[in-house]
Amino acid sequence: MAIFDTSAPDSHIWRLIWRSHRPALIKVILINLVNAVVGVTTIAFINRYLLSGQALSWQLLPIFLSIILALLATTFAAQWSLTNLGHAFVKQLRGELLKRILDTPSEQVSQIGTAKLLASLSTDIQAITAAFVRLPELIQGVILCVTAGIYLGVLSVPLLLVIIVWIAMTILVSSKLVNHVYKHLAQIRLTNDALYQDYQAIIQGEQELKLHRPRAKHLYQIFVDHSEDYRRDIVKSDTYHLSAVNWSNIMMFAGIGLILVVSQLFNFTSIAVATTFCLTILFIQSPLLHAVGAYPMLQSAQIALAKIQSLKLGDYQPDFAPASQWLRDDWEKIEFDEVSYSYQVAEEDGAMTKKNFELQPINFSLNRGDVIFLIGSNGSGKTTFAKLLTGIYPAKQGKIWLDDTLIDVDNLNNYRQLFSAIFSDFYLFDTVMDAEGQAPDDELVEKWLNILQMTSKTQVVNQKINDIQLSQGQKKRLAMLLAICDDKPIMLLDEWAADQDPTFRRYFYHELIPLLKNMGKTLFIISHDDNYFSAADRLLLMKEGTLVELTGDTRAVASHDAVSLL
């Protein structure tokens, strides 16, 4: 069962574990109950035979050793079961988080931002993992203390009430201190987002920062400020945490003295029973203190889970549904019917509002085998239109038809499989595969490495490109290789030729485009190379969110001087 359930939008760590790992959690609780019973049995045995003043016999030794071995075995089983459950939960959480990112609409992923996603995948997951490492201590401590309390109640209810009041006071003060820990941990998590943004800016902009030392100094100072915020909050958090642990430790020792004093002053019980109480307090002291120490970790994990939930990612879908074959093989035309699009941005109060830019209603058709060029100035809407065409952005208004089939939420993923695309901000993967995820034909790979003039730069061995540390133009050629291996019917290229040298740019327009067209590819190319517009069957212009097709004299003007039309 999925960890996050949008129909029950809580993010409390215990409810999530109960919902997603109920049988395992019940098993863990039962094992810990057995361990607690064995622990109390150990105390009872010591009280009955070792502290009673009776003469000891050798027959008691194997019994005592058996109880100790049972305590060791059940303690190990309890810790192992909890650790195993915890890491199974973390594994599932990590997998679901990545899959939800894949299933979340691209616009929403952009709004969340890379820094927040990376912070959740690293910092939040690490916080949850650390909590589950300490989880055995918390559960064992609680169960053992409750079981020991039941045993002590059998011996002396009045003395047990005194101890309960004493421990309750101890826990009350500890909880007040831990609440301060929680507050600072929440602030630390917010600071982590800011630090990840600093890291991202410094790493991705390191070349520019080397050329602009004042900007580098400014950015570094921002990092120093965030780092100081982190240091201040983590010191306060650790101080309150240590104060809670020390308070609990001292009060537990004081409780032993309280037991001896109260039992003698008020004659609650015999000295032997009082001694058993003291022994039990010593026995549960370490588990109880470890439980108190583990609690802040669980608070931190709670903050991490809430942070992951606040990302508002798409619903978890366990499968990667395969595309329907008819969409890939039998299509003839894609049509846009009054399709428009506007970007939404989140305000501070959580409300959504439109950005200034809006793509005006588009009526457009893409026929099988077309070679279409699209031109337009920066910010005119070219890439937005390309993402609508490929289905990365779903149409918010209007309709998109694939022949006689309306593209909607049910078949959008299938529709996307028509396309291979190389966007201007593309990511180059180092594994080549065909449309079904299998190894492509080796001869095809070698052929296209040669066509793309990359044979001397890199090789593909066992589906892996052995070197992708290349120039941007060469990376785009390898991205073209991946697209060829995909063998999709439509290829979208966003400013693909912009990073090629003049010789290869001419080769692309004069040789590669005709070759791709002869292979049956439909090409949609964003380009400003007006010297090569003759390679296009159709020429489109995007201007201030409005799409028009250039024909006749207007196209001739564009082919001579495209800038004049932008």
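Throughout, read-outs are computed from the coordinates displayed, never taken from laboratory work. Note that the structure is predicted; figures quoted are calculated from it, not measured. Cβ placement follows ideal geometry from the backbone for every residue including glycine, while neighbour counts extend to all protein chains displayed.
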Rounded to 0.05, the calculated FRET efficiency for the beta carbons of Leu61 and Ser286 at R₀ = 25 Å is 0.50
Check which residues have an amide H placed less than 5 Å from Leu550's amide H, if you skip close sequence neighbours. Leu539, Leu540, Leu541
Simple spin-label estimate for Tyr49/Asp238, 7 Å along Cα→Cβ, in nm, reads 4.7 nm
Expressed as a rounded percentage, what relative contact order does the chain have, with Cα pairs under 8 Å and six or more residues apart? 15 percent
If R0 is 30 Å, what FRET efficiency do you get for Leu412 and Glu228 from their C-beta distance, rounded to 0.05? 0.05
To make sure I understand, if each residue's beta carbon is the centre and we count other beta carbons within 10 Å, what order do Val28, Val557 fall in, fewest to most? Val557, Val28
Per the 1/(1 + (r/R0)^6) rule, R0 = 30 Å and r from the Cβ atoms of Asp499 and Ser365, FRET efficiency to 0.05 is 0.50
Site Val146, offset 7 angstrom along Cα→Cβ, radius 16 Å on amide nitrogen, limited to the stretch 278-298, gives 288, 291-292
Mind pulling the angle between the C-alpha long axis of helix 442-451 and the longest principal axis of the chain? Nearest 10 degrees, somewhere in 0 to 90. 60 degrees
How far, in nm, would the chain grow between Phe357 and Asn249 when pulled straight, counting 0.36 nm per residue and subtracting the alpha carbon separation? 32.7 nm
Rounded to the nearest 10 degrees, the helix 271-310 long axis (Cα) sits at an angle to the longest Cα principal axis of the chain of 10 degrees
Evaluate the distance, in nm, between pseudo-label points positioned 7 Å from the Cα of Asp330 and of Lys396 along their respective Cα→Cβ axes. 3.5 nm
Ranked from fewest to most other Cβ atoms within 10 Å of their own Cβ, Thr458, Thr239 fall in the order Thr239, Thr458
Could you list Tyr220, Tyr532 in order of exposure, starting from the residue whose Cβ has the fewest other Cβ atoms within 10 Å? Tyr220, Tyr532
Between Lys183 and Arg213, with labels modelled 7 Å along Cα→Cβ, what's the label distance in nm to one decimal, could you check? 4.4 nm
Quick one: putting +1 on the C-beta of Lys and Arg, -1 on the C-beta of Asp and Glu, what dipole do you get for the chain around its Cα centre, in Debye to the nearest 20? 2540 debye
What is the distance in Å between the Cα centres of the stretch 59-125 and the stretch 435-449? 40 Å
Amide H proximity to Ser365 below 5 Å, modelled H, separation 5+ or other chain, gives Phe336
For the chain, find the longest principal axis of its Cα atoms and tell me its angle to the long axis of helix 472-486, 0 to 90°, nearest 10. 90 degrees
Expected sort for 404-413, 191-200 on mean C-beta neighbours within 10 Å, highest first, is 191-200, 404-413
Those aspartates and glutamates that a straight Cα-Cα span of less than 19 Å connects to Lys396, excepting residues fewer than 8 apart in one chain: Asp103, Glu107, Glu335, Asp337, Glu338, Glu358, Asp408, Asp410, Glu544
Once you order the gyration tensor axes a ≥ b ≥ c over the Cα atoms, which shape class does the stretch 461-510 get: rounded for a/c under 1.5, otherwise prolate or oblate by comparing a/b with b/c? oblate
